[in-house]
Amino acid sequence: MSFVLLTIAILLALLLILLAVPVTVAFRVDRITEITGHLNFHWLYGLVRFRIGIPGTAKAGPHRKHKPSKKNGKLRSGPHAHGVFALLRQSAFRRRSIRFIKDVLRATHAHDLYFRLRIGLGDPADTGRLWALLGPVAGFAADLHSAEVSIEPEFMDPVLEVESHGEFRLIPLHFIALATAFVVSPEALCAWRTLRRRAA
């Protein structure tokens, strides 16, 4: 039994050591009508490298406002979207989510980051609730070193446009700790219980 416990302890220690090794992610993601881009991962100080392509056929067009057609670019709301809006109505959960996003942004050590997001949900009220979360994050992200961040709400039309590229360097163990603290926080647990009662 002691040998089994020792083996488990050694394996857990090795796992923690591996999760403490930084991961570098270089990426490019564009979404006008479809998502295109790629992710390049470097781990163990360059010993492990791999690339993930993001499928799609759309090319990033010029920055212009347009009304999306029913076929492309239109956001559709469903049960999941209504659940998200229900969570965003809870001010305590919204504040905790903003804090979590800020903590993640600090922990990722962005380099040469460019991010432009234009988003509208078709309903000014829903877009306003979403902007209550994105607005403070946009203000914080704009002050990040080596980052150019622009988040634009569109209150009239349903639209989602994303143009982004850059590089992140993060420690997986740190990110797991932040995510765990967010999921088990009183604000998140209260929000999930409220959402389940409404869905029942």
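Tabulated data
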{"quantity": "Contacts under 8 angstrom Cβ, first residue in segment 105-124 being without any contact (Cβ under 8 Å) to a residue 60 or more places away in the chain, partner part of a loop (DSSP other than H, G, I, E, B) and open to solvent by less than 30 Å² (accessible area, probe 1.4 Å), 6 or more apart", "calculated": "R118/E154; I119/E154; G120/E154"}
{"quantity": "Criterion violated by R198 - all others in (1) under 27 Å from G122 (Cβ atoms); (2) open to solvent by less than 30 Å² (accessible area, probe 1.4 Å) satisfied", "calculated": "(2)"}
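The values are calculated or read from the model by the stated rules, or taken from the named source; none is laboratory data. On a predicted model such as this, the values are computed, not experimentally measured, just so you know. Every residue, glycine as well, gets a Cβ built from its backbone with ideal geometry; the counts of neighbours run over all protein chains shown. Heads up: the accessible areas ignore ligands, DNA and RNA and are worked out on the full protein's heavy atoms, side chains in. Shrake-Rupley method; radii C 1.70, N 1.55, O 1.52, S 1.80 Å.
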